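The values are calculated or read from the model by the stated rules, or taken from the named source; none is laboratory data. For clarity, every value in this text was computed on a predicted model and none was experimentally measured. Here the Cβ is made from the backbone with ideal geometry for all residues, glycine too, and neighbour counts use every protein chain on show. Ligands, DNA and RNA are excluded from the accessible area calculation, which covers all protein heavy atoms including side chains. Shrake-Rupley method; radii C 1.70, N 1.55, O 1.52, S 1.80 Å.
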Amino acid sequence: QVQLVESGGGLVQPGGSLRLSCTASGIIYNINAMGWYRQAPGKRRELVADITSGSSTNYADSVKGRFTISRDNTKNTVYLQMNSLKPEDTAVYYCNADIQQYSYCPGSGCSRDFWGQGTQVTVSS
């Protein structure tokens, strides 16, 4: 089994900063891409940022220049540093990871997505 445990959410004023963390544990052989998604009330879940195993990054246009995704492969952890937060950033943020659990896998479907429980980020004055 795999668990993704998130932390760092909370209430912050506009212009403030938060850092989210997500640590994977359980039966893990290799973690490929990791990412952060968010879902605001009445909205569909959207990709915020993702990062490959080689640390190539991708960001939604709405967060470019404000958010930074990073990972520590020795800790199986992905981070999201959020600066200059705006009220429209308010959402539940979900951690995602593409994980291969076992070393031996002859087929092509050796990894699958796992999700964290979500952490609330509220930006309000």
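Kindly indicate the residue of segment 99-125 that is part of a strand (DSSP E or B) and open to solvent by less than 40 Å² (accessible area, probe 1.4 Å) and also nearest to ILE51 (Cα to Cα) among those meeting that condition.
Within segment 99-125, the match that is nearest to ILE51 (Cα to Cα) is ILE99.
Mind listing just one residue for me: the one in segment 1-12 that is among the β-branched types (Val, Ile, Thr) and open to solvent by less than 60 Å² (accessible area, probe 1.4 Å) and, of those, farthest from ASN76 (Cα to Cα)?
VAL12
Any idea which of ASP50, ASP72, ASP113 is out of contact with any Asp or Glu (no Cβ under 7 Å at 6 or more places or on another chain), of a type in the set (Asp, Glu) and free of Cβ contacts under 8 Å to residues at least 40 places away in the same chain?
ASP72
With respect to SER7, determine if the residue is at pLDDT 95 or above and over 15 Å from the mean Cα position of the chain (by Cα).
no
Just the residues that are farther than 15 Å from PHE67 by Cα and either part of a strand (DSSP E or B) or open to solvent by less than 30 Å² (accessible area, probe 1.4 Å) (or both), please, taken from segment 13-31.
Selection gives CYS22, THR23, ALA24, SER25, GLY26, ASN30, ILE31.
Just name the residue that is farthest from GLN81 (Cα to Cα) out of those in segment 32-66 that are hydrophobic (A, V, I, L, M, F, W, C) and assigned to a strand (DSSP E or B).
ALA33
Specify which of the listed residues (ARG44, ARG38) is open to solvent by 70 Å² or more (accessible area, probe 1.4 Å) and among the charged types (D, E, K, R).
The match here is ARG44.
Given the condition in contact with a strand residue (DSSP E or B) (Cβ under 8 Å, 6 or more places away or on another chain), part of a loop (DSSP other than H, G, I, E, B) and among the small types (Gly, Ala, Ser), answer yes or no: does some residue in segment 82-98 qualify?
Scanning segment 82-98 turns up no residue that is in contact with a strand residue (DSSP E or B) (Cβ under 8 Å, 6 or more places away or on another chain), part of a loop (DSSP other than H, G, I, E, B) and among the small types (Gly, Ala, Ser).
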